[in-house]
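Comments concern the structure below.
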Amino acid sequence: MAENIRMPQFPEPYWRDSVDLPTFPKLKESTNVDVGIVGGGIVGITAAYLLAKQNMKVALLDAGVLLNGTTGHTTAKITAQHGLIYDEFIQHFGIEKTALYYQACIEAKKLIEENIKEHDISCDYKTEDACIFTNSNTYLSQLKAEKKAYDQLDIPSELTDNIPLNIPIKSALIMKDQAQFHPLKYLKVLVEEAVKNGLEIYEQTTAVDVEYNKHPAIVTRDGHRVSCRFVIEASHYPFYDGQGFYPTRMYPERAYVIAIKTPKKFPGGMYLNAESPTRSIRNVNVNGEDLWLIVGENHKTGQGKSTMDHYQALADYAETHFGISEYVYRWSTQDLTTLDKVPYIGPVTEKQDSVFVATGFRKWGMTSGTIAAKTISDLIIKEKSLYEELFSPSRFQADPAIRKFTSTNADVAKHLIKGKLEYTNDNIKDLAPDEATVTRINGQRTGVYKDMDSKLYAVDTTCKHLGCEVNWNSGDRSWDCPCHGSRYSYTGEVIEGPAKESLNKIELE
Ligand code: FES
């Protein structure tokens, strides 16, 4: 990479930088609605839009600002090609359920298209083929098996050894007629339309619990209550677990995105490799110029190498294959994977059927988030949905995912113990600006970050969720928990749950 091409100093997603979003007040008093929604991403906004359109009184709360979570940091592919899954799903669930999963993805795509058409939304929507490629002999047979699964499911597709993108491949599986868009331009209009239909939105309003009397009520950190008939937890990680043991049934992964300009013209299409490390590629056309989004380096949250190394690995890959003429944005994202790779969408537990969750989208949130909103809205309005059983969070499949369940929990136990023992003897006076370390202060494992102005911030690194030890994420300047993915700012405030409380601050003498 040319010397003068520098990585942006701060993470910022292109999506947020290119749209002006409206702002909303904090909830200042208790309120009463039909449906209380927590989380202002694609699930919460789409559900609010659908329900408000049906004359339901809806309030939507966000702990921060709208569209600043996983949706604001997505790659925004609208596709049913969610990695190599269909052959695996047919073996685990059978052809009927797998066909239903595919149908759900296609219905999500159609719903997005209908909304765009109805409101004439200008959101850079573009039909593109989706492509999974491999350059490894190990994955050739898997690609063939996946193609066979596509044929069984009547998915329009093609297996080829020739793609328009100039990267070495041995084989590629194309899923025809998928799409990409600018998710925030799209969702901004859904917000405006829902507000016209009476939606109340409250930002900077953190939900901490659900209480039951006759009906559920969302309780906020400030002690206000949103009494309602139904609650939708669209907060990524369910803020209210209802003793559904979600932390033991999902694990969080991070991924990285760089947005670059290259000397080459983008040939069209959306690409994803089959092997590790993950590489996913699409473009965004900005004022007639291609911005290439290079995505990948997935890893479990709070684990592995320095997060800046992940950005560098993507930059090296891009430079090798396409050349980088300008490095415009970088950002990262996090999502959750369920035991059987199918999202949890439906009642939080079998007995609490007026509180709904939508989570575990495995980074395919544009389709899964849209169908989650549709499924839950149908369950509320029509009391049924075609996808109710498929996505039920209470399902239990005796399949190889159980092995993952065991190893995931063993992993949590390992981090719970290992984290307590790990720290450095760094003298915090020697920290360079924008550097952090974990050290012992008065016997307490302490995370210390020095900002650009050499001001020190110290936090107790014990995660407020279930007590694992957080690790430093240099790329995002955050403290990340390796157990269930809670994330905290360098000052200790919660960025991402399941934790609800800030890390304890430690006074430095
Ligand atoms: Fe569960 Fe930290 S997120 S212990």
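The figures follow:
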{"quantity": "MRE, 222 nm, helices only [DSSP H, n ≥ 4, -39500 (n - 2.57), over the chain, to nearest 500]", "calculated": "-8500 deg cm²/dmol"}
{"quantity": "Members of 57/214; 126/188; 300/374; 53/374; 117/147 lying beyond 23 Å, as alpha-carbon distances in this model show", "calculated": "300/374; 117/147"}
{"quantity": "Extension gain, residue 287 back to residue 303 (0.36 nm per residue minus Cα-Cα distance, nm)", "calculated": "1.9 nm"}
{"quantity": "Gain on full stretching of the segment that runs from residue 10 to residue 213 - 0.36 nm per residue minus C-alpha separation", "calculated": "68.5 nm"}
{"quantity": "Qualifying GluC sites (Glu not before Pro) for region 1-102 [loop in DSSP, other Cβ within 10 Å: at most 13]", "calculated": "3, 29"}
{"quantity": "Percentage relative contact order, the chain, counting C-alpha pairs under 8 Å, at least six apart", "calculated": "17"}
{"quantity": "Global form of the chain, assessed from the alpha-carbon gyration tensor, a/c cut-off 1.5", "calculated": "rounded"}
{"quantity": "Excluding exposed DSSP-loop trypsin sites (Lys or Arg not before Pro) (at most 12 other C-beta within 10 Å), longest clean stretch of the chain", "calculated": "29-213"}
{"quantity": "Coordinate range along principal axes, alpha carbons of region 1-140, Å, largest first", "calculated": "61, 54, 30"}
{"quantity": "Efficiency of FRET between residue 276 and residue 166 - r from beta-carbon atoms, R0 25 angstrom, step 0.05", "calculated": "0.70"}
{"quantity": "Pair residue 501, residue 55: separation of 7 Å Cα→Cβ label points (nm)", "calculated": "4.6"}
{"quantity": "R0 of 25 Å, Cβ-Cβ distance residue 444-residue 493: FRET efficiency to nearest 0.05", "calculated": "0.80"}
{"quantity": "Translational D in µm²/s for region 117-247 (Stokes-Einstein at 20 °C, 1.002 mPa s, Kirkwood Rh from C-alpha pairs)", "calculated": "109"}
{"quantity": "Residue-span extension gain [residue 140 to residue 110] - 0.36 nm each, minus C-alpha spacing", "calculated": "7.6 nm"}
{"quantity": "Under 13 Å, Cβ to Cβ, from residue 364 - net charge with Lys/Arg +1 and Asp/Glu -1", "calculated": "+3"}
{"quantity": "Loop-exposed chymotrypsin sites (Phe, Trp or Tyr not before Pro) per DSSP, neighbour cap 16 Cβ within 10 angstrom, longest uninterrupted part of the chain", "calculated": "1-244"}
{"quantity": "Pairwise label distance in nanometres, residue 452 with residue 386, each label 7 Å out on the Cα-Cβ vector", "calculated": "5.1"}
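Each reported figure results from applying straightforward, stated rules to the coordinates on display, with no laboratory input. Small disclaimer: the values here were computed from a predicted structure and weren't measured. When we count neighbours, we look across all protein chains shown, and the Cβ atoms used for this are built from the backbone with ideal geometry, even at glycine.
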